[in-house]
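Single-structure report; data block below.
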Ligand SMILES: C[S@@+](CC[C@H](N)C(=O)[O-])C[C@H]1O[C@@H](n2cnc3c(N)ncnc32)[C@H](O)[C@@H]1O
């Protein structure tokens, strides 16, 4: 049920090393055979800070040597690209700080925000992990209505449905640890079965809208792939036309950034409308949003208050929250 991490690392070992022979000998004592399958290429990510071994490339070379010493065969070393590749090389992370080395193995493979359901995207999609974090941060109780009036490819509402249904986010994807020689497939199947038994059969009202037909098509297809298509009510409408259900709930949304095409005046108008709609039609609702720019957020006005900048896959976005007065 971990929804917000990008990857999970397993600490394989740590040791002190001030020379390459010492490093290679100590790294060679680690139980690599439990984790590295014969045909699986490996990749290194090495960082060195304030250490006598300061050349990360040379450290990676010695690490490959240590693995070869231990396994009796030379591993195939590749570059690690955080892509959609369903079979990335096994990532090994070595970190040297003041001559102390920690060696970790990536258990995830493809980054965890790639849950597998989002194949269609609209403009400026939000990482699945960040959408889940935003929902948790909003304080949504998972029982009251939830609405995203700028749903794009649907990431927030899909993550909301997964949360409300208590569905483990990685059930249908592969992880790097599944290729390890010590992986127990039967234990994994049991854990998956247990997770499925804990699912909740129904979700509260989850409402998604966007003014672009292409975004809605993408959102519906993604929600179906995630198995929550039935839990979300999709509607094509501009923010000026959204109507809340009678019972108050939460608005969680990723507002348009306008990185590409929109003129600033158009965007300001969207933010002004959003603020007005909230104040007129959503008394008592709690609101959490990400906005592209401070001056746009200010156009929305009350109740949104800034809570600082965060990073959405390389784009800085502003987090804002508030409760609409009754
Ligand atoms: C930043 S994107 C949302 C991305 C979404 N969170 C996702 O993960 O794909 C903003 C969305 O707002 C929509 N939008 C822009 N102006 C709008 C308006 N006036 N009314 C409703 N939707 C609008 C755009 O079509 C776009 O899909």
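The values are calculated or read from the model by the stated rules, or taken from the named source; none is laboratory data. Just so we're clear, the structure is a prediction, and the values are computed from it rather than from any experiment. FYI the Cβ positions are ideal-geometry reconstructions off the backbone, even for glycines, and counts take in every protein chain you see.
Is it true that some residue in region 246-253 is in contact with a helix residue (DSSP H, G or I) (Cβ under 8 Å, 6 or more places away or on another chain) and surrounded by fewer than 19 Cβ atoms within 10 Å (Cβ to Cβ)? Break it down into steps so the answer makes sense when it comes.
Applying the first criterion (in contact with a helix residue (DSSP H, G or I) (Cβ under 8 Å, 6 or more places away or on another chain)) to region 246-253 yields 250-253.
Checking which are surrounded by fewer than 19 Cβ atoms within 10 Å (Cβ to Cβ) leaves us with none.
For region 246-253, residues in contact with a helix residue (DSSP H, G or I) (Cβ under 8 Å, 6 or more places away or on another chain) and surrounded by fewer than 19 Cβ atoms within 10 Å (Cβ to Cβ): absent.
Listed by position, the helices (runs of 4 or more DSSP H) enclosed by region 96-200 that each have at least 3 residues that are more than 16 Å from the ligand (Cβ to nearest atom) and closer than 30 Å to residue 33 by Cβ are 185-197.
Being part of a strand (DSSP E or B) and either free of Cβ contacts under 8 Å to residues at least 12 places away in the same chain or within 21 Å of residue 247 (Cβ to Cβ) (or both) is the requirement here; does residue 207 meet it? Yes, satisfied. Contact map, region 175-202: residues that are at negative phi paired with residues that are outside any helix (DSSP H, G or I) and surrounded by fewer than 11 Cβ atoms within 10 Å (Cβ to Cβ), Cβ distance under 8 Å, separation 6+ or inter-chain. No pairs are found. What is the number of the single condition among (1) out of contact with any strand residue (DSSP E or B) (no Cβ under 8 Å at 6 or more places or on another chain); (2) surrounded by 14 or more Cβ atoms within 10 Å (Cβ to Cβ) that residue 264 does not meet? Single failed check for residue 264: (2).
Taking residue 125, is it buried (at least 20 other Cβ atoms within 10 Å of the Cβ), within 23 Å of residue 313 (Cβ to Cβ) and either at pLDDT below 95 or within 17 Å of the chain's Cα centre (by Cα) (or both)? Answer is yes for this residue.
Residue 297 falls short on exactly one of the conditions (1) modelled with pLDDT under 90; (2) touching a strand residue (DSSP E or B) at 6+ places or on another chain (Cβ under 8 Å); (3) more than 13 Å from the ligand (Cβ to nearest atom); (4) over 30 Å from residue 203 (Cα atoms), and that condition is (1).
Scan region 44-57 and tell me whether some residue there is surrounded by fewer than 12 Cβ atoms within 10 Å (Cβ to Cβ) and at positive phi. There is at least one residue in region 44-57 that is surrounded by fewer than 12 Cβ atoms within 10 Å (Cβ to Cβ) and at positive phi.
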